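Quick one: this structure, given as structure tokens, is what I'll be asking you about.
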Amino acid sequence: MAKWRTWLPWLLLVAAGLILPAILPPFRLNLLGRFLSLGIVALGIDLIWGFTGMLSLGQGIFFALGGYAVGMHLQLLALPPGELPEFFGLYGVKALPAFWQPFHSPLFTGLCIWVLPALVAGVLGYLVFRNRIKGVYFSILTQAALLVFFNFFNGQQKLINGTNGLKTDTARIFGELVGSDAMQRNLFWLTLVLVVAAWALCRWITRGRFGDALIAIRDDEPRLRFTGYNPTAYKTLVFAIAGAMAGVSGALYTVQSGIVSPQYMAVPFSIEMVIWVAVGGRGTLIGAVLGAVLINYAKSLVSEQLPETWLFIQGGLFLLVVTALPDGLVGWWRQGGPRQIQAMVGWPPLAPTYPGLDLDPAVQAEREALGSIPGGAP
Amino acid sequence: MDLLYDTLFNGLAIGSVLVLAALGLAVVFGLMGVINMAHGELMMLGAYTTFVVQNLFKNGPLQGIFPLYILVAIPLAFLVSGLAGLLLEKTVIRRLYGRPLETLLATWGVSLILQQFVRSVSSAFVIGLLVAVALGLVAPRLLPRPWGQRRWAPVLGVATWVIAGLVGIALASGLGGVRVLDQPWFSARNIDVTAPVWLRGSVDLGAVNMPTARLFIIALTALALVAVHWFLQKSVWGIRIRAVTQNRSMSDCLGIPTETVDALTFLVGSGLAGVAGVAVTLLGSVGPNLGGNYIVDCFMVVVLGGVGKLLGTVVAALGIGVLSYVIGSGSLLLVWPAMPAGLNELITFFATTSMAKVLVFALVVVFLQFRPAGLFPQKGRMVEA
Amino acid sequence: MTVSASTPVLELRQVSVSFDGFLALNDLNLSLAPGELRAVIGPNGAGKTTFLDVITGKVRPTKGDVVFRGRSLLGIAEHRIARLGIGRKFQTPRVYQNLTPRRNLELAVKGSHAPFSLLFGGLDSRQRDRVQQLLAVVGLEAHASQRAGSLSHGQKQWLEIAMLLAQDPYVLLVDEPVAGLSEEETERTGALLRSLAGDHTVLVIEHDMDFIRELDCPVTVLHEGHVLCEGPMDAVQSDPRVIEVYLGVEDSGVEDSGVEADA
């Protein structure tokens, strides 16, 4: 009885991974792959916001850094040896800037995708957390940092092609064009695997005592300090992890959308990321992925039909989630939301046993001591 | 030397727009602890109000006093933005007191809605919206009273609003067939406000050429500062506002209507955003995205200045304004042409408006390393509690 | 009353704290002998909480020194002071509401508190036993897997005391442990604190005079940021200065102890 519950989701996941590429047209599959990769950055936000209580409005920085790392590598990969990426010619740059050089190496790029954002996040985070800047001040500072990075990348044509960004789909990996359907299918699978891996990582992080410490930081940081913990170390570490995840997410998103540009660091985009998590349900992990996929899918549908209404819908979602659904869809589901609706419209679900008895902690403890009774507590 | 004064004057003018923009935010954030991400959009409403007032004065009976339209626009913008802020407080923010992060997200949602609103607002749109709201408000009274007691009452409540919304949308799209009604009022394009003649000239002071519009903005800022200072320090309601800021429950016990105080504070803060919007129209064309250009700067001003101190806001805004202008315009190169090559290169690197922002924000973050509470921190033992 | 001859475990030397010119602590001297149980009382605003803030590193004294087992605590971060062996229970119970009592204790239990050891290492059997034992001591075994936020006020107070014990500190600073507890719970708390003294040094801040009397320990009276007097409860209570600060000078009527003023 309990067993199928554990392996059914995995079975469905594998089935989806095998079936979707077969049935979805390449365009839709590519969209799904992109949205799934956004799920990874959302998982990172869930880690720092849902569990640790730090609302970062600057995850776009790390997202774009990962994207630029892979973008630079693919730019170089697409070239015959000795030549420069085309755009450099437009600005009269004759030699490859020094910081481009290491991106010839796929190994370095692979590391850079997640190590660089993690480092940047770690340093930024340390500077902020060290001074005990938290709450909305943290949010404002991350947003300011985002704007700094945006302006920098946007303004530096001679270094990274400024506003135009870097295109990636003309490069070949293992002789296959990055933009080709076959390659995009492989990338979809890679994304799927990495989303699951990211989810597993977050779950491992949050399950044990480390996760408890994060929740303790969220709920009462000074108290934890007086217990002998150094919250700065925890926050820095977890912010760096979220940064690394954002970097991976950005890299995957870049190779699937064919371009990386400073728009990835636009202020609204980073706030949108937060709302994916809020809609899905913060502190639930799976909700973050779900929210990212659902909202982006809705966005692409609406934008195809009625582009001018999307901002209304999105703004409405912000308001709705914050005021009416503070725990998001997954949280609402877990707290028995559907049952409440069911009860309201006329078919109250039957309580399994006498509720007073069921909720009594002594009875619950006893029940646990006896071994779990199937079909009992949720 | 003149160049130096010129630079300082321009920096001051930019800084004073920032003061005006951040002033309302400082009031709302400093006194109520509310993060209003829609503050920039309230500025935008002020700017659009100016535009509307200008158009009203262009033709018709008011044509004779066209040059004075800006003086009418200022109080009107204050009122429009203030009332919009009041509505925001009454409907959304009130539910979220004590949850600053949620407030931040909700007000961001409002800012998106406001942006799109000015883009797509048309007569048909407004009619549809008004009908939907009226229907949603009236419907519960038309339904049989006992239904409100039933256990499915919440579902009914949601359903009435959904139906009202659908009716409104249907009506709006139906009326959209009529050309006159479908015409967007502003559209997504930028709008231009023509400054009255008396603001278009310039005053020469010594060798420094001061555009009148900028002088006007500086004067307006100074006036707003004095008014806010007087209001908070001397007026009865200002004292009540400060009392509520310091101890809400005690104020409640003393008979201060704290809810009214909240609403009033928000109205004043939002109204100031409207006035800032008027000032912004004098600097160039404005569009629906106006808010986004200012909001981050405004928040940096408030954080740098220290929360709850008007003086901090003024100093921080002027500092950021002057510094941004000095760096961004590359004036240092002109003032000191013989500087070493390395430094020269560095300054040239940052000598654009956006790169100047990079440097200034980086400097602010460095500064906060030494003074985390800003320039003028609030002192006392209750701060961290 | 016994005066220990051994070196004090915790000593405040001429500590002053000024908030914008307001002296919250004024030339405060106090020392605790190892294993001592000490009560601190004082009217509102006497500086009791600031005094704990200074010891635990939350507030840096303007003047003076705090010495713990021979080393100065000035300038040391809160978490390091806690690791050195000073535990603090807050005035209103502060437990992690969204974690279970067991997890609350598992966070507090003595051991490495570095991020990586929490991430990669588990609890050893000794630590697990300790958590289980403490749950039993404070009678929360049956509630061990329930959200701590749903515990009653008294249970939260006890959970926080248990968390303090889990840290196994040299010095326990206990701020109003019996506020809001029933008579029976108060009695048990008193017994618990008394039993801790000896192995630990315990400092209790409390308003409840009956409870203090029950603790049967030396009492320090704080007033306007300095020590007014020290001694056994009976002596302290009959001290005219103490009566004055608690009840006011004869003419000026009741000030601090009651709400009679202003009906």
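All of the numbers you see were taken from the coordinates with simple rules; none came from a lab. A quick note: this is a predicted structure, and the numbers were derived from the prediction, not measured. We place every Cβ from the backbone using ideal geometry, glycine too, and count neighbours over all the protein chains shown.
Give me the angle, in degrees from 0 to 90, between the Cα long axis of helix A:136-155 and the longest principal axis of the Cα atoms of chain A, rounded to the nearest 10.
For helix A:136-155, the angle is close to 20 degrees.
So what is log10(I(q)/I(0)) for segment A:121-167 at q = 0.27 1/Å, when the Debye sum runs over its Cα atoms only?
Ignoring solvent entirely, the Cα scatterers give -0.90.
Helix by helix through chain B, keep the DSSP H runs that span 27 Å or more along the axis on Cα and average at least -1.0 on Kyte-Doolittle, and give those back in order.
Values: long enough: B:2-32 (43 Å, 1.78); B:39-58 (29 Å, 0.49); B:69-91 (32 Å, 1.72); B:100-120 (30 Å, 0.74); B:123-142 (28 Å, 2.13); B:153-175 (33 Å, 1.93); B:212-233 (31 Å, 1.70); B:258-281 (35 Å, 1.26).
Long hydrophobic helices here: B:2-32, B:39-58, B:69-91, B:100-120, B:123-142, B:153-175, B:212-233, B:258-281.
Let me ask something additional. Under 15 Å between alpha carbons, and skipping anything fewer than 8 positions from A:K158 in its own chain: which aspartates and glutamates qualify?
Leaving aside aspartates and glutamates fewer than 8 places away in the same chain, those within reach of A:K158 are A:E86, B:E345.
Could you work out the mean count of beta carbons from other protein chains within 10 Å of each residue's beta carbon in C:114-120?
Taking all residues of C:114-120 together, the mean is 6.
Another question about this same structure. Starting from the Cα of B:K58, draw a straight line to each of the aspartates and glutamates and keep only those under 17 Å, dropping any in the same chain fewer than 8 residues away.
Cα-Cα hits under 17 Å: B:D192.
Just the projected area, averaged over all directions, of the convex hull on the alpha carbon atoms of segment B:15-73: how many nm²? Before the final figure, lay out the partial values.
Details: hull surface 19.3 nm².
For the Cα atoms of segment B:15-73, the hull's average projected area reads 4.8 nm².
Order these by the 10 Å Cβ neighbour count, fewest first: A:Y264, B:Y69, A:Y126.
Numbers: A:Y264 25, B:Y69 22, A:Y126 17.
By the 10 Å Cβ count, ascending: A:Y126, B:Y69, A:Y264.
Shifting gears a bit: If each DSSP helix of 4+ residues adds -39,500 (n - 2.57) and the sum is divided by the residues in chain B, what number results at 222 nm, nearest 500 deg cm²/dmol?
Working: 16 runs with 272 residues, N = 385.
Rounded to the nearest 500, it is -23500 deg cm²/dmol.
Next question, about the same structure. May I ask you to sort C:H200, C:H153 by Cβ crowding, counting other Cβ atoms within 10 Å and putting the fewest first?
Working: C:H200 22, C:H153 14.
Lowest count first: C:H153, C:H200.
Under the Kirkwood approximation applied to all pairs of distinct alpha-carbon atoms, what is the hydrodynamic radius of chain C in Å?
On the way: mean 1/r = 0.0513 Å⁻¹.
The Cα-based Kirkwood calculation yields 19.5 Å.
Chain A: D in µm²/s via Stokes-Einstein (Kirkwood Rh, Cα pairs, 37 °C, 0.692 mPa s)? Let's see the in-between values first.
Numbers: Rh = 22.6 Å.
Roughly 145 µm²/s, to the nearest whole number.
Another one. Rank the residues B:I218, B:I169, B:I241 as a footprinting-exposure proxy: fewest other Cβ atoms within 10 Å of their Cβ go first.
Values: B:I218 20, B:I169 15, B:I241 24.
Final ranking by Cβ density, sparse to dense: B:I169, B:I218, B:I241.
Then there is this: Could you work out the helix-only [θ] at 222 nm for chain A, with each DSSP H run of four or more residues adding -39,500 (n - 2.57) and the total divided by the number of residues, to the nearest 500 deg cm²/dmol? Can you show the working numbers first?
Working: 17 runs with 266 residues, N = 378.
-23000 deg cm²/dmol, from helical runs alone.
Going by average Cβ density within 10 Å per residue, which order do the peptides A:278-287, A:333-342 take, highest to lowest? Mind showing how you got there, number by number?
Numbers: A:278-287: 25.4, A:333-342: 13.7.
The densest-packed peptide leads the list: A:278-287, A:333-342.
Can you give the average number of partner chain beta-carbon atoms within 10 Å of each beta-carbon in peptide B:111-120, as a whole number?
Working: counts 5, 13, 8, 2, 4, 8, 3, 0, 2, 4.
Mean partner-chain Cβ count within 10 Å for B:111-120: 5.
Let me ask another. Residues of A:209-219, mean number of Cβ from any other protein chain within 10 Å of their own Cβ, rounded to a whole number?
On the way: counts 12, 7, 4, 9, 9, 2, 6, 9, 1, 2, 8.
Taking the mean over all residues of the peptide, I get 6.
Compute the acute angle (0 to 90°) between the alpha-carbon long axis of helix A:286-305 and the principal axis of greatest extent of the alpha-carbon atoms of chain A; round to the nearest 10°.
On a 0 to 90 degree scale, this one is about 60.
Rg over Rh of the protein assembly as shown, using C-alpha atoms and the Kirkwood radius, what does it come to? Before the final figure, lay out each step's value.
Values: Rg = 32.0 Å, Rh = 32.4 Å.
On the Cα set of the protein assembly as shown, Rg over Rh gives 0.99.
Another question, then. Compute the semi-axes of the equivalent ellipsoid of segment A:115-263, taking the square root of 5 times each eigenvalue of the Cα gyration tensor, and list them largest first in whole Å. Mind dumping the intermediate values first?
Values: eigenvalues 241, 96, 18 Å².
So the three semi-axes of segment A:115-263 are 35, 22, 9 Å.
Provide, for q = 0.12, 0.23, 0.29 Å⁻¹, the log10 of I(q)/I(0) from a solvent-free Debye sum over equal Cα point scatterers in segment B:122-183.
-0.36, -0.83, -1.08
I would also like to ask the following. May I ask which of B:K234/B:K357; A:K167/A:K299; A:K299/B:K90 have a Cα-Cα span longer than 27 Å here? It would help to have the intermediate numbers written out before the result.
Details: B:K234/B:K357 37 Å; A:K167/A:K299 23 Å; A:K299/B:K90 29 Å.
Where the Cα-Cα span goes over 27 Å, the pairs concerned are B:K234/B:K357; A:K299/B:K90.
Step by step: find N for segment B:34-155, compute 2.2 N^0.38 Å, then divide the Cα radius of gyration by it. What's the final number?
1.39
Among the listed pairs A:K235/C:K58; A:K134/A:K235; C:K48/C:K89; A:K134/C:K63; C:K89/C:K110, give every one whose C-alpha distance is greater than 18 Å.
Working: A:K235/C:K58 20 Å; A:K134/A:K235 11 Å; C:K48/C:K89 13 Å; A:K134/C:K63 29 Å; C:K89/C:K110 16 Å.
Pairs exceeding 18 Å: A:K235/C:K58; A:K134/C:K63.
Ratio of alpha-carbon Rg to the 2.2 N^0.38 Å globular estimate for segment A:42-111, to two decimals, please. Let's see the in-between values first.
Values: Rg = 16.6 Å, N = 70, 2.2 N^0.38 = 11.1 Å.
Computed over Cα atoms of segment A:42-111, the ratio equals 1.51.
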